[in-house]
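The values are calculated or read from the model by the stated rules, or taken from the named source; none is laboratory data. The structure displayed is predicted, hence computed values, not measured ones. Please note: Cβ atoms are built from the backbone with ideal geometry, for glycine as well, and neighbour counts cover all protein chains shown.
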Amino acid sequence: MRHLPTRTTRRRAVGALTAGLLGALGLTGTWGTAGPVQTAGAATSAVSASAGSASAVSASASAAPGLDDGLALTPPMGFNNWNSTHCRAEFDEAMVKGIADIFVEKGLKDAGYEYVNLDDCWALPARDANGKLVPDPVRFPGGIKAVADYVHAKGLKLGIYTSAGTKTCNDAGFPGALGHEYSDAQQFADWGVDYLKYDNCNNQGVDAKLRYTTMRDALKAASETTGRPIVYSICEWGENKPWEWAADVGHLWRTTGDISDNWGSMLSIMKQNLPLAPYAGPGRWNDPDMLEVGNGGMTDTEYRTHFSMWSVMAAPLLIGSDLRSVSDETFDIIGNKEVIAVDQDPLGKQGAVVSSEGGRWVVAKEMKDGSRAVALFNETGSPQRVATSAKAVGLPEADAYTLRDLWQHRSYHTAGTISATVPAHGTVLVRVSADGRWAVHPPAVELGVDGSTLTEAGRATALTTSVTDLGRTSAKRVSVSLSGPEGWRVRATSPTTVGSLPAGRALRTGWTVTAPAGTPAGSYDVTLKAAYRSPSGVRAESVLPLTATVAVAPPSGTSDLGRLPWLSASNGWGPVERDTSNGESAAGDGGPLTINGVVYATGLGVHAESAVEYYTGEACETVSAQVGVDDEEGADGSVAFEIWADGTKVASTGVLTNADAAVGLSADVRGAEVVRLVATDGGDGITSDHGDWASAQLAC
C-alpha cells in the first residue's frame, strides 16, 4: 500500500498511547511511547540519497543472521497490484486469477516469479461480530481462500496486505492488524496465504520494532498450527532503519518511501537503497519498493535501467503493472532470465557502488560462481562513457576475461577494461569472469560518439564515432555504420572500414547528420553499429542505440520558461508543472506558485530531485528566476537550486526552507547548447521538497 511521504494529507499524526487506548485495542506487554512519526524521506537521510556510495554505511556494518526458516533465500519475485490499480474497481478476483494465468502462459513462472500478491482494499471496512476480517464480496465473491486455491493450483503462491496500525493506509480506512495480530495471522494461514506485506499507517505511536515483532510471532504461531509458512515483508518505509534490526524479524524490509512511475522517483529510491548493501543476504533483503516496468511513465530504456538496477541490488522483483495490457517489450524486460539470474544468485550479495562521478555509475555484484555482474549506469540526459576494470570490480588477475552482455545476449572477451558508451538514462549490464576459455569469444569493442546529437531541422550536425578494440586479439574486417530515420541524410566524411583493428586501437569516423527541413521537434532513433570478425573468423556485432533530438531554436528576446517547450523534465513526485506549484501526483493539480506568502504568476513547480532541460542553441545569454520552497507543504521542505550550462554548474543557492523568502538566482549561459534547471533535496531526503522556479526567464 502507498505511503506518500510528499503529501501532507497522508501524514499520520502520532502521540503517546493512553492506557485506555491500549486496553481498547487489547494490547498487552510493555509498550514504548513514540514521538511524532518521521516521514520516509527524512528517515532515509542517514544513507544520503545524494551520496550514492557505500561509504554512507559504516565499513564495519554487516548483515545480521536472518530468520532460520528457509524462506526467501533469494529475493521474492512476483506481482502486486497496487502500482497499476490502487483501489480502483479493476482490482478484483478476476484480475488476480488473470495474473496467475499470465504467469504460466507467458513463461514468468518458469523465469522465477511465484507470488501473486493482493494490496489494500481487499477487505470490507469493518470486521465481523467475531472480530474477523471479511473479504469484500464484490471484489472477491469466492473469498480469499478460493483465490489462494486457484493460484496454488497453478503452482504459484498468494500474498496479502494489512497494516501494523488500527487502519490500513487507504483513506477509506480498512481494518489494520494492531491488536489483532494473532487472529489475523491465523486467518491468513487458514486461507492459504504465503506472503504478508505489513504496512505502517495509523500505528498509534507504538514502537515499530515491537509492532513488527508481534506480527512475526503471530505468523510463526499460525504456521505451526497450519503448516503454512508465510514470507514476511516489513513495509515501514525505512523510517526506523529496519536494516539495522529487522533481519530476525522479517524476510525483507522497505528502505524508502513509495516509488512512482517516473524517472526522478526511481532514481531517488535507487540512490537511497544502494548504500545499504552490507545489510542484505539470504532471507534478509533491502526492498526499494515494487517495479513500475510497463506502467507507461518511463521509456523502455529507463525501464531496462530500473530492472537492471533492482536486479544488481538483489531487490525483490514484484511486478507492478497490469500484465493483461502491457506491451511485448515489457514482457521482454521482466522476463530476461539472464538479468533475473543476477537478482536470484544464491550467494545473496547486494551490488555495491564501485564509482559514481558526474552521473556515471559502476555497481558490481559478486556472484556465487566467482564472476561479477557489473552495471554501467548513465544517470545523465546524454550518452556517456562509463568505464571500470576487472580488478576494480574484484576479479582476480588473468590474461583476459569473458564478458557477457545480459541485454544483447552476446559473449565477448576483454583484456580487463569493462566499458561502454551508455545511452541517456540507460544501463549496460554485463557478467564478467576470469575464464581460461576467453579466446573462443570475439574481442569486445566499445562504440563511442563525440559531438552532440541535438540538431535543428534542416541543419547538418557533425559527429565522430569510434570503434575501440578492448580485447587481447585484433578485430578483423571491421565496418561501422550510422543510420537514422527514413528521409534523414547521414553521410560519412572519413573511412568506415579497416581490415584489422589491433587490440587497444580505434577506428574513428566522421559523419554529418541532417534531419529534413520541417521535421517536427522530438526524439528520433539513430543506430551506430559495428560488424567485425575474430581472428578465427567468428562474426561479431556491437550496437549502440542513440537518440537524436530535433529542437526548435529559442526565440529572440526574453521569454517565460514556463511557456517554452523543454527537452526533458524529470521530477521526484508527479510531473513538473507550468505556472503552478507541484501539487500532488497528477498533472495540473498544483496551486499558485507561492514562496513565503508571495504569489508569482509564472514559472515552474517542481519536486526534488528534479531537472528540466531547455535547448538554447548557443544563442542565449542569461537565465534568471526567483526560487524557493512552495508554501503548500508547510514547514517541512528543504531544496537547493542549481543552473547548469551544458555540463557545468554556473549558479546555485544554498539549502532553502519554507521559512526563507524567495532568492534571486541568475546565470550567464552564453555559448551553451543546453540549460538545465536542477532542484536537489538539500541532503535530507525528498519529503515535502516542493520547489518553485518563479518568474523564470530566458534571455536570448
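Out of the residues in region 80-118 that are touching a Phe, Trp or Tyr at 6+ places or on another chain (Cβ under 7 Å), within 15 Å of residue 318 (Cβ to Cβ) and not β-branched (Val, Ile, Thr), which is surrounded by the fewest Cβ atoms within 10 Å (Cβ to Cβ)?
Once the filter is applied, the top-ranked residue is 109.
Can you pull out the residues in region 612-628 that are part of a strand (DSSP E or B), surrounded by fewer than 24 Cβ atoms within 10 Å (Cβ to Cβ) and of a type in the set (Gly, Ala, Ser)?
Correct list: 624 only.
Looking at region 347-393, what strands (runs of 3 or more DSSP E) fall wholly within it and have at least 2 residues that are under 17 Å from residue 403 (Cβ atoms) and out of contact with any His (no Cβ under 7 Å at 6 or more places or on another chain)?
Hits in region 347-393: 360-366, 372-378, 384-389.
Evaluate the following for residue 409: is it buried (at least 21 other Cβ atoms within 10 Å of the Cβ) and in contact (Cβ under 8 Å) with a residue 12 or more places away in the chain? Even if it seems obvious, please write down each step before you answer.
Numbers: buried (at least 21 other Cβ atoms within 10 Å of the Cβ): no; in contact (Cβ under 8 Å) with a residue 12 or more places away in the chain: yes.
So residue 409 fails the test.
Considering only region 434-469, state which residues are touching a Leu at 6+ places or on another chain (Cβ under 7 Å), over 22 Å from residue 378 (Cβ atoms) and surrounded by fewer than 21 Cβ atoms within 10 Å (Cβ to Cβ).
Scanning region 434-469 gives a single hit, 434.
Which members of region 217-249 meet the condition of being over 30 Å from residue 686 (Cβ atoms) and not hydroxyl-bearing (Ser, Thr, Tyr)?
Keep residues of region 217-249 that are over 30 Å from residue 686 (Cβ atoms), which gives 217-230, 248.
Listed by number, the residues that qualify are 217, 218, 219, 220, 221, 222, 224, 227, 228, 229, 230, 248.
Could we say that residue 566 is over 15 Å from residue 625 (Cβ atoms), among the aromatic types (Phe, Trp, Tyr) and not assigned by TED's automatic domain parsing to the domain that holds residue 460 here? Before you say what the answer is, go through the steps one by one.
On the way: over 15 Å from residue 625 (Cβ atoms): no; among the aromatic types (Phe, Trp, Tyr): yes; not assigned by TED's automatic domain parsing to the domain that holds residue 460: yes.
No, not satisfied.
Please work out if residue 150 is within 23 Å of residue 186 (Cα to Cα), in the same structural domain as residue 196 (by TED's automatic domain parsing) and surrounded by 18 or more Cβ atoms within 10 Å (Cβ to Cβ). I'd like the intermediate steps shown before the answer.
Numbers: within 23 Å of residue 186 (Cα to Cα): yes; in the same structural domain as residue 196 (by TED's automatic domain parsing): yes; surrounded by 18 or more Cβ atoms within 10 Å (Cβ to Cβ): yes.
In short, yes.
Just need a number here: residues in region 525-544 that are among the aliphatic types (A, V, I, L, M) and either touching a His at 6+ places or on another chain (Cβ under 7 Å) or in a loop (DSSP other than H, G, I, E, B) (or both). Spell out how you get there, then give the answer.
Going residue by residue through region 525-544, those that are among the aliphatic types (A, V, I, L, M) are 526, 528, 530-531, 538, 540, 543-544.
If we keep only those that are either touching a His at 6+ places or on another chain (Cβ under 7 Å) or in a loop (DSSP other than H, G, I, E, B) (or both) too, we end up with 538.
Residues flagged as among the aliphatic types (A, V, I, L, M) and either touching a His at 6+ places or on another chain (Cβ under 7 Å) or in a loop (DSSP other than H, G, I, E, B) (or both) within region 525-544 amount to 1.
Picking from 577, 541, which residue would you name as being acidic (Asp, Glu) and farther than 22 Å from residue 626 by Cα?
Details: 577 fails: farther than 22 Å from residue 626 by Cα.
Answer to the check: 541.
For region 487-501, enumerate the residues that are in a loop (DSSP other than H, G, I, E, B) and exposed (fewer than 11 other Cβ atoms within 10 Å of the Cβ).
Passing the criteria: only 487.
For (1) hydrophobic (A, V, I, L, M, F, W, C); (2) free of Cβ contacts under 8 Å to residues at least 40 places away in the same chain; (3) at negative phi, each residue gets a yes or a no:
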{"site": "174", "(1), (2), (3)": "yes, no, yes"}
{"site": "183", "(1), (2), (3)": "no, no, yes"}
{"site": "192", "(1), (2), (3)": "no, no, no"}
{"site": "202", "(1), (2), (3)": "no, no, no"}
{"site": "208", "(1), (2), (3)": "yes, no, yes"}
{"site": "222", "(1), (2), (3)": "yes, no, yes"}
{"site": "231", "(1), (2), (3)": "yes, no, yes"}
{"site": "236", "(1), (2), (3)": "no, no, yes"}
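For region 322-346, what are the residues that are assigned to a loop (DSSP other than H, G, I, E, B) and in contact with a helix residue (DSSP H, G or I) (Cβ under 6 Å, 6 or more places away or on another chain)? Full working, then the answer.
As a first pass, look at region 322-346 and keep what is assigned to a loop (DSSP other than H, G, I, E, B): 322-327, 335-336, 344-346.
Of everything in region 322-346, those that are assigned to a loop (DSSP other than H, G, I, E, B) and in contact with a helix residue (DSSP H, G or I) (Cβ under 6 Å, 6 or more places away or on another chain) turn out to be 322, 323, 324, 335.
When residues of region 267-306 are filtered for being more than 9 Å from the chain's Cα centre (by Cα) and in a helix (DSSP H, G or I), how many remain?
Here the count works out to 11.
Would you be able to say whether some residue in region 207-216 is modelled with pLDDT of 95 or more, aliphatic (A, V, I, L, M) and in contact with a His (Cβ under 8 Å, 6 or more places away or on another chain)? Quick ask: steps written out before the conclusion?
Kept after step one, since they are modelled with pLDDT of 95 or more, are these residues of region 207-216: 207-216.
Next, from what is left, pick out any that are aliphatic (A, V, I, L, M): 208, 210, 215.
From what is left, the residues that are in contact with a His (Cβ under 8 Å, 6 or more places away or on another chain) are none.
Taking every residue of region 207-216 in turn, none turns out to be modelled with pLDDT of 95 or more, aliphatic (A, V, I, L, M) and in contact with a His (Cβ under 8 Å, 6 or more places away or on another chain).
Exactly one condition in (1) more than 20 Å from residue 632 (Cβ to Cβ); (2) touching a residue at least 40 places away in the same chain (Cβ under 8 Å) is false for residue 563; which is it?
(2)
Regarding region 181-196, can at least one residue be identified that is over 30 Å from residue 153 (Cβ atoms) and in the same structural domain as residue 288 (by TED's automatic domain parsing)?
No: region 181-196 contains no residue that is over 30 Å from residue 153 (Cβ atoms) and in the same structural domain as residue 288 (by TED's automatic domain parsing).
From the list 535, 554, which one is surrounded by 12 or more Cβ atoms within 10 Å (Cβ to Cβ) and either in contact with a Lys or Arg (Cβ under 7 Å, 6 or more places away or on another chain) or within 30 Å of residue 500 (Cβ to Cβ) (or both)?
Details: 554 fails: either in contact with a Lys or Arg (Cβ under 7 Å, 6 or more places away or on another chain) or within 30 Å of residue 500 (Cβ to Cβ) (or both).
Going through 535, 554 in turn, just one is surrounded by 12 or more Cβ atoms within 10 Å (Cβ to Cβ) and either in contact with a Lys or Arg (Cβ under 7 Å, 6 or more places away or on another chain) or within 30 Å of residue 500 (Cβ to Cβ) (or both): 535.
Among the residues that make up region 602-610, is at least one of them surrounded by fewer than 24 Cβ atoms within 10 Å (Cβ to Cβ) and either in a loop (DSSP other than H, G, I, E, B) or assigned by TED's automatic domain parsing to the domain that holds residue 591 (or both)? Break it down stepwise before answering.
Step one: of region 602-610, the residues surrounded by fewer than 24 Cβ atoms within 10 Å (Cβ to Cβ) are 602.
Adding the requirement that they be either in a loop (DSSP other than H, G, I, E, B) or assigned by TED's automatic domain parsing to the domain that holds residue 591 (or both) leaves 602.
Checking region 602-610: at least one residue is surrounded by fewer than 24 Cβ atoms within 10 Å (Cβ to Cβ) and either in a loop (DSSP other than H, G, I, E, B) or assigned by TED's automatic domain parsing to the domain that holds residue 591 (or both).
Taking region 389-406, which residues are under 25 Å from residue 306 (Cβ atoms) and surrounded by 21 or more Cβ atoms within 10 Å (Cβ to Cβ)?
393, 403, 406
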